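Working notes, structure below.
The values are calculated or read from the model by the stated rules, or taken from the named source; none is laboratory data. From a predicted model like this one, the values you see are computed outputs, not experimental measurements. Backbone-built Cβ (ideal geometry, glycine too); neighbour counts: all protein chains shown. What goes into the accessible areas is simple: the full protein's heavy atoms, side chains included, and nothing from ligands, DNA or RNA. Shrake-Rupley method; radii C 1.70, N 1.55, O 1.52, S 1.80 Å.
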Amino acid sequence: MTSSRDTVFASVRRALGVTSQEAPRRQEADGRLAGHPRGLVPARAQLPAAARLALFKDMVVAAAASIDHLPSADDVPGAVASYLRGRNLPPTILRGGDARLAALPWHREPNLDVWIGPSDGRQLAGLSHAFAGVAESGTLVMLSGPDNPSTLNLLPDHHLVVLDAADVAGDYESVWTRIRERFGPGVMPRTVNWITGPSRSADIEQTLLLGAHGPRSLHVLLVGGA
Amino acid sequence: MSVEITSPRFKDNAKRALADGPLQAALSKVGPGFIGKRTAAADKLPEFDALRDSARDIKDHTLAHLDLYLERFEEKVKAAGGHVHFAVDAADARDIVTKICRDLGARTVTKGKSMISEEIGLNDHLSAAGIEPVETDLGEYLIQIRGEAPSHIIAPAIHLNKEQVEEDFRRVHTHLAPERNLSEPTALLAEARGELRQKFLVADVGITGANFLVAETGTSIIVTNEGNGDLTQTLPKAHIVLASLEKLVPTLEDVSQLLRVLARSATGQEMSVYTTFSTGPRRPGDPDGPGEYHVVILDNGRSGMLGGPLKEMLRCIRCGACMNHCPVYHAVGGHAYGWVYPGPMGSVLTPALIGIEKGANLPNASTFCGRCEEVCPVRIPLPKLMRHWREKEFERHLTPAPQRYGLAVWGFFARRGWLYRPATGLAMTLLSVLGRKKGRFAALPLAGGWTGHRDFPAPEGGTFQAQWRAQRAARNTRHANRDAKKDARP
């Protein structure tokens, strides 16, 4: 019996008039997969460091997120506490096991309850560490894994994200380069989340409303590089 | 929602839509909203048009090497611990999904927005198998509780107003306090969020579509603004991705090019809120994520388009810009098109997927104004492809009889110039004399379809051919005079 797989491949090959064995076609496809050429990268994605950081901050705000630019990572616990206070939220936050988050001086905020683990939907605020930021669109790049559970990106009402200024790239392509360096060619973490602003929907009469299913607020804690 | 095809009744559907007050009110917002946002986003990026060329080229390259990229995609998904299933047609795809759900003992399934799911009529099939499907995109949820089909590929409930949504919520969410205030969209959104949050947390399987599949890494990508697709795929035991063949792209760099034009063309955003790249199931040590990962790759007639005159349609990335800019879509909305894909892209794709016999009306539902092609992020020549279908329709004798006879009569004269010129000249003179007073006709015999909705202008001069001849004669005289002058120079 012919499998559906064989039927689909046969029909694709018939339509293209190929056998899949043609060496030049294979070379071209393999070459593209191995070389992953960059296409057109917009000028705004190729700015020098200071302008890139400024663009990133602008684009984050344009996407309806908020941002604090902190001199050092040591300022993160204080900024988290002050964010929660400013919005009348309980002084509790859930974070992943990320070593960079674990190393922060949480003892400076004795009133802040810091929990570790994935979210089950009952937490109001979650804290993650981004792998990268992308200046051209104000996008955060989050990788799943033991350190930064994906549920933290999605379930809490308020998502706070720590991002090292040195990890702000101009374009998406530079982030893929870093991911290949980290995981090897052709390998990805289970989930890469690009996040550009808080959750929203315009499905009712095209009125744009924030907080559809994911976080109602997204707050970036940009560290260093000032 | 069942996929009952009403495309053959397009004309009746359109008449009903034109007379539907609330629908017309909803449709009046489509153009102003989407068009302005897309233009603003495109204007902010000087490279936008060059990126559209790049997007087109990537899609063409992929389609020309589709067999090879499909092989690599399958290999990479397997290497990441996932499964790839190929489906020849809709029935095949439904069976594959149902079997995965049954094997897991699934009772409820949450769903991210997927046009493929609509195309294969998955929800009815799951319900019949005793598995409850829950749509989680707000627009899809709204139409699911109304038992309707989507009327737009990215804004499925664009035909509804908030009063209708309130009515539906009161009808369906009977466990909530009847006196609650739902007059504002924010209250409606909050209620949907609360209801669906529960569904996310208890679902056994999550089904999403895919905006793209990446061959290099075996990755599926969804693009959403709500975050529903992410919750759908992260929380349950298994994640099933429904994708059609042509969603494939070679590399992460390639998909980055396409993502730069997708959101700008669709909603005018620089980037959608959530762009999620999923590769295989949960890894050892991961605290969350699905235990199984399946990708169902659907053909359903697409491979047949690859080598033929419709292959450019397979570049489509489903942004919706063509319908957002279409005067016919603005007038009749998406349901009139009678199946899953409305607007210009639907007018080309639907006949290819359900047959020209059923879809013949759709390529005719166009003014050929060309705005769809102008805004298409992958530069699909939609008018040309609709014209292809019109020719097929004529060849297969599917055109209505009066139109065929009319064209036959015109053809008889047009092939006989000695008869055509005096006949059209006579008609022109007659019309200009009769219409001289008002300059237009409010009614004309045999042209009721035109004059029923607008006046027919009275001709003001001779026929086109007569004017052409006169102009050419004048030009020849001018040239002759000039040449005569040149010759006269010493």
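Annotations for the structure displayed:
- √(5λ) per eigenvalue of the Cα gyration tensor, chain B, largest first, Å: 49, 28, 22
- Residue-by-residue Karplus 3J(HN,Hα) for the range B:121-132, coefficients 6.51, -1.76, 1.60, Hz, glycine and proline x: x, 5, 4, 4, 5, 5, 4, 4, 8, x, 10, 8
- Each label point was placed 7 Å from the Cα along the Cα-to-Cβ direction; for B:F413 and B:A187 their separation is 6.4 nm.
- Percentage relative contact order, the range A:44-223, counting C-alpha pairs under 8 Å, at least six apart: 27
- Taking the convex hull of Cα positions in the range B:52-149, its mean projected area over all directions (nm²): 8.4
- A:A132 long-range amide H proximity, modeled H, under 5 Å: A:V141
- Listed residues B:D92, B:D483, B:D67 arranged by accessible area, highest first, probe 1.4 Å: B:D483, B:D92, B:D67
- Net charge contributed by nearby residues that have their C-beta within less than 9 Å of B:D67 (K/R +1, D/E -1): +1
- FRET efficiency for the pair B:S28 and B:R454, taken as 1/(1 + (r/R0)^6) with r the Cβ-Cβ distance and R0 = 30 Å, rounds to 0.95.
- Under 5 Å from the amide H of B:T219 lie the amide H atoms of B:V214, each residue being 5 or more positions distant or on a separate chain, with H modelled from the backbone and absent for Pro and chain starts.
- Stokes-Einstein D in µm²/s, Kirkwood radius over Cα pairs - the range B:402-488 at 25 °C with 0.890 mPa s viscosity: 156
- For a 4.7 Å threshold on C-beta separation, the list of partnerless cysteines in chain B reads B:C101, B:C316, B:C319, B:C326, B:C369, B:C376.
- Kirkwood Rh and Cα Rg combined as Rg/Rh, the range B:136-233: 1.02
- As a length-normalised measure over Cα pairs under 8 Å and 6 or more apart, the relative contact order of chain B settles at 20 percent.
- Within-14-Å neighbourhood charge of A:R14 [Cβ basis; K, R +1; D, E -1]: 0
- For the range A:124-133, 3J(HN,Hα) per residue [Karplus equation, 6.51 cos²θ - 1.76 cosθ + 1.60, θ = phi - 60°, Hz, x = Gly/Pro]: 7, 9, x, 10, 10, 10, 6, 7, 7, x
- Quarter of Cα convex hull surface for the protein assembly as shown, i.e. mean projection, nm²: 41.8
- Taking every residue in B:248-255 and counting other chain Cβ atoms within 10 Å of its Cβ, the average works out to 6.
- Counting protein heavy atoms only, the range B:1-112 has 53 percent of its accessible area on carbon and sulfur, 1.4 angstrom probe.
- The listed residues A:T207, B:T463, B:T367, once ranked by accessible area (1.4 Å probe) with the largest placed first, stand as B:T367, A:T207, B:T463.
- Nonlocal amide H pairs with B:V295, under 5 Å, H built at 1.01 Å: B:H83, B:V84, B:H85, B:V241
- Using θ = phi - 60° in the Karplus curve 6.51 cos²θ - 1.76 cosθ + 1.60, the 3J(HN,Hα) couplings for the range B:200-207 round to 4, 6, 9, 5, 8, 9, x, 10 Hz; x is entered for Gly and Pro.
- For the range A:29-100, the C-alpha radius of gyration sits at 1.68 times the compact-globule guess of 2.2 N^0.38 Å, with N the residue count.
- Accessible-area value, B:F394, 1.4 Å probe, nucleic acids and ligands omitted, Å²: 90
- Across peptide B:291-304, the average count of Cβ atoms from other chains found within 10 Å of a residue's Cβ is 2.
- Neighbours of A:V223, meaning other residues whose beta-carbon lies under 11 angstrom from its beta-carbon, give a summed charge of -4 when Lys and Arg score +1 and Asp and Glu score -1.
- Highest-MSF residue in chain A out of A:S119, A:S72, A:S150 [GNM, Cα springs under 10 Å]: A:S72
- Peptide A:151-158, shielding by other chains (average Cβ, 10 Å cutoff): 4
- Hydrodynamic analysis of the range B:35-83 uses the Kirkwood radius over alpha carbon pairs. Inserted into Stokes-Einstein at 37 °C and 0.692 mPa s, it gives a translational diffusion coefficient of 245 µm²/s.
- Viscosity 0.692 mPa s, temperature 37 °C, Stokes-Einstein D of the range B:231-308 from Kirkwood C-alpha radius, µm²/s: 219
- At the listed q of 0.10, 0.16, 0.18 Å⁻¹, the Debye profile of chain A, built from one uniform point per Cα, gives log10 I(q)/I(0) equal to -0.56, -1.09, -1.30.
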